[in-house]
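One structure below.
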């Protein structure tokens, strides 16, 4: 498996935009376009638990069964965005 978003865990190869954008317009190689734009996170007000719930809702809206959406989000606390904040 290749690089994954360090905010949500989505494989960057699945990102239709190829990654988020830094403030200078360059492509981020750490975060996907669903999580990161213009050098900042799209949902900065969310804490880890709120973000996991948001991700579950988005995955379910795309047709993923609830249990798989829940399982997919269990690794989020280990990603750089959350590990660096001590959000575990």
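How many percent of the alpha carbon pairs in the chain exceed a separation of 22 Å? Everything past 22 Å amounts to 21 percent.
For the chain, the 222 nm mean residue ellipticity estimated from helices alone, with every DSSP H stretch of n ≥ 4 adding -39500 (n - 2.57) and the total spread over all residues, rounds to -8000 deg cm²/dmol.
Taking all Cα pairs closer than 8 Å and separated by 6 or more residues, the relative contact order of the chain comes to 25 percent. As a rough guide to protection, the peptides 62-74, 45-57, 3-15 ranked by mean Cβ packing within 10 Å, highest first, stand as 3-15, 45-57, 62-74.
By how many degrees, 0 to 90 and rounded to 10, does the Cα axis of helix 48-61 deviate from the longest principal axis of the chain? Helix 48-61 sits roughly 80 degrees off the main axis of the chain.
Read-outs: derived from the displayed coordinates by stated rules, not from any lab. It should be emphasised that the depicted structure is a prediction, and the values quoted were computed from it without experimental measurement. Cβ: placed from backbone, ideal geometry, glycine included. Neighbour counts: every protein chain shown.
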